[in-house]
1. Among (1) in contact (Cβ under 8 Å) with a residue 24 or more places away in the chain; (2) in contact with a helix residue (DSSP H, G or I) (Cβ under 9 Å, 6 or more places away or on another chain); (3) surrounded by fewer than 24 Cβ atoms within 10 Å (Cβ to Cβ), which single condition is B:VAL259 missing?
2. Only one of these conditions is not met by B:ALA60: (1) outside any loop (DSSP other than H, G, I, E, B); (2) within 21 Å of B:THR94 (Cβ to Cβ); (3) modelled with pLDDT of 80 or more. Which number is it?
3. Please enumerate the residues belonging to the range A:83-109 that are over 26 Å from A:VAL39 (Cβ atoms), surrounded by fewer than 22 Cβ atoms within 10 Å (Cβ to Cβ) and more than 14 Å from every other protein chain (Cβ to nearest Cβ).
4. Quickly run through the range A:58-100 and pick out the residues that are part of a helix (DSSP H, G or I) and either among the basic types (Lys, Arg) or at pLDDT below 95 (or both).
5. Would you check if there is a residue in the range A:32-47 being of a type outside the set (Lys, Arg), touching a Phe, Trp or Tyr at 6+ places or on another chain (Cβ under 9 Å) and in contact (Cβ under 8 Å) with a residue 12 or more places away in the chain?
6. Run A:LEU64 past the list (1) closer than 22 Å to A:LEU108 by Cβ; (2) within 14 Å of chain B (Cβ to nearest Cβ); (3) surrounded by 15 or more Cβ atoms within 10 Å (Cβ to Cβ) and report the number of the one that doesn't hold.
Amino acid sequence: MTNGRVDPSVIQELDRLEARGRPDPRAPVIIELVEPARVSGEGSPRRQLARLEEQVHELQQRLLERLHDLGVTDPPRQMVLANGIAAELTRGQVMAISTHPDVRRIHLAREERVTT
Amino acid sequence: MATDKLEPRLVSLIDDEKRRASARGMAAEAVDQEETFDVTISHRESLQAEEVDPQDRQAALRDLEERTREQLQPIVERLQGVAADQQVKTHTLTSAVTAKLTPSQMEQVAEIDEVELIRVEKLDKVTTMNESVNVIEVPDVWDELRLTGRGVRVAVLDSGVDANHPALNGKVVDEISTAGEPVNVPGDHGTHVAGTIASNDVVFRGVAFQASLVNIKVLTAGGFGQPQFVIDGLEQAVRRDALVANLSLGWSEIFHGWVCNDADCILCQAADNAARLGVTVVVAAGNEDSLAGPGQLNIRHPGAARRVITVGAVDKAKQLAPFSSIGPGSGRLSPGSAIRLTKPDLAGPGVDIVSSVLGGGFAALSGTSMASPHVAGVAALVLEAHPDARPVVVKKLLEDTCERLPFAPDATGYGLVNALGALLRELPTK
């Protein structure tokens with residue numbers, strides 16, 4: 001059961017890995033935060049990007065702490081242009097973090113062929 | 001039948017004809033005697049033209065023509081012997097003749113020592129770059145307006161660009177990998193896309209052939225990637241001062257289970273932010289045609305993003321490519337609205353496009369991946385003329401100046417991108 005914030009593909013991937021006999025497997029995911037990354041529109045692009053980075057990392061702080069509490073020890077990858085954090089999580093960690101008020105969606109980040 | 005001097009695909013073409021003949025109740029041998037094929041017969045020794053100054057070119061050509069005719073004489077005589085009424089075309093720049101022969105006649109011609117190879121002259125459906133740029137009226141922009149993309153940095157977010165390809169020599173001015181694979185591992189897909197934008201080959205010339213490329217490798221050489229690779233790649237495009245970014249890629253609701261409710265997923269968010277930060281982001285619509293099932297959409301992500309230019313594909317006859325993803329995109333007219341925004345925004349040539357590939361050669365590929373870099377190239381031409389134009393203005397200009405096509409807006413948006421139209425029009429004030 002999920003709370004609607006977890007993409008079905010994440011659950012499918014965890015099911016697939018479990019079916020292969022891996023105990024408590026981890027799936028690569030991107031956790032999208034509720035608050036979007038907003039560009040200020042003032043100053044040079046580089047200055048705006050620096051401000052965005054500062055703002056987004058601040059927004060991500062609470063979630064990073066929660067991930068740490070959940071036992072995620074590898075440093076998650078923090079994005080800037082989108083307010084998201086990439087990490088590898090177990091099913092339990094996915095379910096737990098999905099209830100966090102800062103979480104909007106959890107996407108699967110498995111490497112896939114995406115050329116068109 | 002001796003086939004060692006026949007090109008393998010010619011042999012299989014003859015075999016196919018024999019199978020068809022048998023199915024019609026005819027003897028397969030009749031094909032050997034009666035069925036003719038257009039073939040080119042090449043001499044075992046090639047002739048080289050002298051390297052000359054431009055003023056001596058015509059004389060050198062006449063000299064080569066004479067030497068070629070002389071060299072080909074035994075083959076021409078044999079052709080006249082086996083097919084007296086044969087129309088033979090003798091080539092000049094290559095030591096070969098073209099004729100229409102039955103398999104039996106080919107065998108007789110192949111017997112003489114001078115013949116190296118007999119290959120089929122088949123109408124292959126290939127749109128070379130010099131054809132596809134004509135379709136969107138780029139050469140007039142080069143010749144009349146003297147715009148070639150000079151000074152514009154175009155980021156290629158793809159599987160990696162082969163910077164050593166002769167057609168891309170000196171083009172890549174900056175590079176980085178966000179894909180976990182070294183940046184010096186190029187991919188065919190990225191090299192093809194880069195060639196369409198900026199190849200400086202004389203025949204397969206890119207749309208903005210004097211633009212500079214920023215090779216941002218966001219996919220493995222095989223075309224695999226994760227969303228964060230692309231998001232980080234878009235950030236690198238901003239940091240590395242690219243004015244245009246081409247993304248011939250995307251996550252599909254159908255094939256990747258990607259979820260995006262209102263063009264607001266992380267991929268769309270990042271692409272829109274890159275556009276806000278001054279990068280004109282051009283994205284392939286996807287190759288899903290209208291496969292989407294209930295609750296799904298065909299346009300990939302970040303192609304659905306509002307501020308990007310999303311590109312569908314047509315062929316050189318300006319017909320909709322059967323694979324091109326049909327809109328709308330996931331974006332909604334207003335929050336919660338059931339009405340989705342029209343995508344793709346416009347179309348570009350994307351069927352059988354010949355461009356650079358690994359190993360220094362050229363090959364034909366099809367897809368909205370091939371249409372997108374045509375539009376990215378046109379955006380680079382626009383930005384050469386108007387370096388301060390914001391991405392939203394470039395997008396509107398390209399949309400306003402499209403050649404109208406007789407397809408639904410959800411198929412080709414405003415129509416076929418038109419370089420000359422875009423460069424002759426004043427910038428919109430949006």
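1. (1)
2. Among (1) outside any loop (DSSP other than H, G, I, E, B); (2) within 21 Å of B:THR94 (Cβ to Cβ); (3) modelled with pLDDT of 80 or more, B:ALA60 violates only (3).
3. Let us first name the residues in the range A:83-109 that are over 26 Å from A:VAL39 (Cβ atoms), namely A:88-99, A:108.
With surrounded by fewer than 22 Cβ atoms within 10 Å (Cβ to Cβ) added as a condition, the list becomes A:88, A:90-93, A:95-96, A:98-99.
Listed by number, the residues that qualify are A:THR90, A:ARG91, A:GLY92, A:GLN93, A:MET95, A:ALA96, A:THR99.
4. First, the residues of the range A:58-100 that are part of a helix (DSSP H, G or I): A:58-69, A:91-98.
If the condition is that a residue be part of a helix (DSSP H, G or I) and either among the basic types (Lys, Arg) or at pLDDT below 95 (or both), then A:ARG62, A:ARG66, A:ARG91 are the ones that fit.
5. Residues of the range A:32-47 that are of a type outside the set (Lys, Arg), as a first pass: A:32-37, A:39-45.
From what's left, touching a Phe, Trp or Tyr at 6+ places or on another chain (Cβ under 9 Å): none.
No, the conditions are met nowhere in the range A:32-47.
6. (2)
Table: residues versus (1) basic (Lys, Arg); (2) modelled with pLDDT of 90 or more; (3) in the same structural domain as B:SER366 (by TED's automatic domain parsing).
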site	(1), (2), (3)
B:LYS89	yes, no, no
B:LEU93	no, no, no
B:THR98	no, no, no
B:LEU101	no, yes, no
B:GLN105	no, yes, no
B:VAL115	no, yes, no
B:VAL138	no, yes, yes
B:VAL156	no, yes, yes
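Here's the yes/no breakdown for (1) over 15 Å from B:ASN130 (Cα atoms); (2) buried (at least 24 other Cβ atoms within 10 Å of the Cβ); (3) out of contact with any strand residue (DSSP E or B) (no Cβ under 9 Å at 6 or more places or on another chain); (4) more than 14 Å from every other protein chain (Cβ to nearest Cβ):
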site: B:SER325; (1), (2), (3), (4): yes, yes, no, no
site: B:PRO335; (1), (2), (3), (4): yes, no, yes, no
site: B:ARG340; (1), (2), (3), (4): yes, no, no, yes
site: B:PRO344; (1), (2), (3), (4): yes, yes, no, no
site: B:VAL357; (1), (2), (3), (4): yes, no, no, no
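The values are calculated or read from the model by the stated rules, or taken from the named source; none is laboratory data. Keep in mind it's a predicted model, so treat the numbers as computed, not measured. As a convention, Cβ positions derive from the backbone with ideal geometry for all residues, glycine included, and neighbour counts pool all protein chains shown.
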